[in-house]
Structures are given as structure tokens and as C-alpha cells.
Amino acid sequence: MPFRDVCGQDRAVRLLRSAWAGGRLAQAYCFTGPPGVGKRTTAVALAQAVKCLSPVAASAAGEDPDACGTCRACTLIAAGRHPDVTLTAPEEKTVITIDQIRGVAARAGLGAYEGAGKVWILDPAHEMQEPAANAFLKTLEEPPTGSLFILVTTGFSALLPTIRSRCQEVRFPPLAPEHLRTILERLGRSAEDAAAAVAVAGGSAERALAMNASEVRAARARLVEEVWSALDSLPALLDRAERIGKDRDALEDALEALLAFTRDASVAGIGPSGAALLSAERRAEVARVTGDAPLAVLLQVHAAQREAQQTLAWHAQPRYAAERMLLKMRQALGRK
Ligand SMILES: [Zn+2]
């Protein structure tokens, strides 16, 4: 997909897009960041920009040019079949071997099949064995003209310093929840599934996609249990408040899980008729976490959580809102 469709990595995309549009691309880039945040996707977008046969002109709004995404070159790159764009990935899912790098070096020396330059994507670059890394270093030291190397890695420091110093690093931070949600929904997840996965995926689309619904449920249950058990001690409570209140999105996600749980606990607290509405698994979870908290207490807990949600909407400090909520929950439950 072209640059304009890369979701949630505006800074990296802007930098690369304007370098390409201005003819200022470096010889070698290293895309660094956690797994599943768009490094490979952006590498493909850059390759498409370089090789596109009919790039889109700069927009009136001042956006830099971009690949068209639909010409023959763009389509072949998206399918991983363009003769001038090579993805080198570990063989048998372990390491990038010296033979693979020798292949890169040999072919990089030949002219491009079509248009300007060749693009090499090495992903994950830190899986180069030492001989492979040394061989690659030679290629970087005397780069064939028109070659663009894109190293993709989660561990910049695991690369040889001599390789690092020849690459321009481009950082890819974890994805913000709204971007992650957009990506998941684009891939066909329901809004509800996407929201649940986002709450526990730590900004990684890869992690969110790898989670099935039951894993997501388990991760949310863990979060709820951790919050409730932190109510027993003040230092643990403050520590937990800091974590779930580290930013707005984190607190919104935690509140979603906490409120859903408290609602279920209240339903179970009504008595056998309410408990019958929940799955056996959820009933056991409720009993384990809340002990035998009476309905009146659970309603106070629910009120504290709703209040946190409202104060957050009024732009309260997330950490302060989290602390206040946990203190109120602790008080309602009479924990010492
Ligand atoms: Zn194109």
C-alpha cells in the first residue's frame, strides 16, 4: 500500500515521503520499533514510491507525492514479485545466511530491470549471522549506485555498530489505539473484537491479530484481577494507578474492561437468577475476584468507575482519575 494508506506512523511516513519526493533518500535506512507497528508495510510503501510508473503528484493541501498503488510496478511490489524489489527474510525462519547476502551483493551490482534503482528489504535485519552481517557491511561500504537498502528490525542495538552507522534510523513507535482499531477493522474485525484486542495488544497490530477472542478475554480478565488485587495495599494501588493511568488511552481501555466486569459482578450479585445469565467461566471469575462483595458494594464500585470515565471526558489527568477511582473502590470494599 502507498504511503497515504500506512496507518498511525505519520512521523516516519512524512520523513520518508518528503525525502523521496525531494530526491534526498539515504542509501540505507534502518526501520526500528516493536513488532507489528508498520515497519514492513512502510518499507513496501517506500519501494512502491521508488518504482512507481505513474506517481501521484503533490496535493494542493501540500501533501508530498506518493506511489499510485495501482500501476504494474506497484501491484507487483505489493504481491512480492517485482524483479527490482527483493525481500530478504530468514531461511527456515531462523537466520539470514551469508549465501543470501552474497546473492544480494551479486544482484545489487546489476542494473535495475526497469526504471530507477533496486530496493532491498532485509527483515528482520538482526537475524543476520555474523558472516552475513560482515558481507552485508561490504555491500554498504561500496553501495551499487541506485540501490536502496531498508533494514527492518526490532533490535537496532543487535546490529553491528558499523552497519548501524551507515544507516539512517527511522523509529516506529507502538501504534495509538485509534490507529490500531482502524487497522483491525480494515482487516474485517468487528468493532467489538477490535476494541477488546486493542485494550491488550500494547500498540502492536501483529499481537492484536494473533490474539483470538478467547486470548483477548483472558488478557482482560488478567487486567481486572490485577486491578482488584492491588486494592489490598496502598503502595500496590498507587503503582497500579500509575500503570493504568499512564495515558488517556490506557485508562479508557482499562475502564472498558473494569466496567464490563463490574456489570457482570453486579448481575451475579442479584442472586441465582442473575448468575444464571453468565457463563460458568465468568461466574467463577467474578467469585474469584470479588469474593462475596454484596450488591450494594458492587454498585459503589461501579459508580467510582463511571465517575472516572466522566472525569476523563472532562480532561482530567488520567493518573489522577485512576488513583481516585482505585481509592474509592478500596473504600467501598472496606479493604485495609
Ligand atoms: Zn504505481
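Miscellaneous remarks
- Amide hydrogen neighbours beyond the local backbone of CYS30, cut-off 5 Å, H modeled: LEU151, GLN168, GLU169, VAL170
- Remark: region 3-171 carries a charge dipole of roughly 200 debye about the Cα centre, counting +1 on each Lys and Arg Cβ and -1 on each Asp and Glu Cβ.
- Neighbour-count order for ASP123, ASP5, ASP249, ASP66, fewest beta carbons within 10 angstrom listed first: ASP5, ASP249, ASP123, ASP66
- Scattering curve values for region 1-90, log₁₀ I(q)/I(0), Debye with Cα scatterers, q = 0.11, 0.16 Å⁻¹: -0.28, -0.61
- Sites THR94 and ASN134 - FRET efficiency at Förster radius 25 Å, r taken between beta-carbons, to 0.05: 0.85
- Taking the chain and dividing mean pair separation by its residue count, relative contact order in percent (alpha carbons under 8 Å, at least six apart): 16
- Nearest-ten-degree value, helix 280-290 long axis tilted from longest Cα axis of the chain: 70
- What the pair-distance distribution of region 212-333 shows, using all Cα-Cα distances binned every 10 Å from zero, is 14, 47, 32, 7 percent.
- Residue order, fewest to most beta carbons within 10 Å, for TRP228, TRP20: TRP20, TRP228
- What the Cβ-Cβ distance of ALA61 and ASP292 gives, at R0 = 51 Å and to the nearest 0.05, is a FRET efficiency of 0.25.
- Length added when fully stretched, ALA191-GLU281, from 0.36 nm per residue minus Cα-Cα: 30.0 nm
- The antiparallel fraction among DSSP beta bridges confined to the chain stands at about 10%.
- Compactness of the chain, expressed as Rg and Dmax over alpha-carbon positions, Å: 25.3, 76
- Dividing the convex hull volume of the alpha-carbon atoms in region 3-171 by its residue count gives 108 Å³ per residue.
- The long axis of helix 39-51 is offset from the longest Cα principal axis of the chain by roughly 30 degrees.
- Calculated on alpha-carbon atoms, Rg and Dmax of region 190-243 in Å: 13.0, 38
Bear in mind that the values in this text are calculations on the coordinates, not laboratory data. Since we're looking at a predicted model, the values are computed, not measured. Heads up, the Cβs are rebuilt from the backbone with ideal geometry, glycines too, and the neighbour counts pull from every protein chain shown.
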